[in-house]
1. How large is Rg over Rh for segment 44-125, taking Rg from the Cα atoms and Rh as the Kirkwood inverse mean of 1/r across Cα pairs?
2. For segment 84-144, what number results from the quotient of the Cα radius of gyration and 2.2 N^0.38 Å?
Amino acid sequence: MRRISLLVVALGFAFTSAYAADVKLDGIKCLVNAKADAKADKSVDYKGGKIYFCCDNCPKAFAKDEKKFASKANAQLVATKQAVQHKCPLSGQDLNKDTEITVGGAKVQFCCNNCKGKVEKATGDEQLNLVFSEEAFKKADFKVEKEKK
């Protein structure tokens, strides 16, 4: 029985490591310290995926106030291609591939040029929150998709 438990733990670690290895962190910044690069070995589980930090202190800061960092965490899930968009984050309508822009390092699409224009006019955190706030993330039906086997 102990051998089976050890095997299950080892396989779980191997699958988790394989999934994390597929995430590309080129150009991805830490959620807490936006000037520092995110590192693969400094991650925590989030919404079925992983979010990445620069050091051991940043995940602690994130855990203390997840709401404060939610938009950045959601954007990072999309920028690392762990989460896939299914609807417009403003209207919840079907996507128009001709409306694609990059927000917070992540490529996103909208239903129409009006929604795209609203986001393009916004700047900084306002723009990030329009697309990646908890409400927008749900409306856009972003889903973390596990690796394909």
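1. Values: Rg = 14.1 Å, Rh = 13.9 Å.
When Rh is taken as the Kirkwood radius, the ratio is 1.02.
2. Details: Rg = 10.0 Å, N = 61, 2.2 N^0.38 = 10.5 Å.
Normalised by 2.2 N^0.38 Å, the Cα Rg of segment 84-144 equals 0.95.
No lab work stands behind these numbers, since they all come straight from the coordinates. It should be emphasised that the depicted structure is a prediction, and the values quoted were computed from it without experimental measurement.
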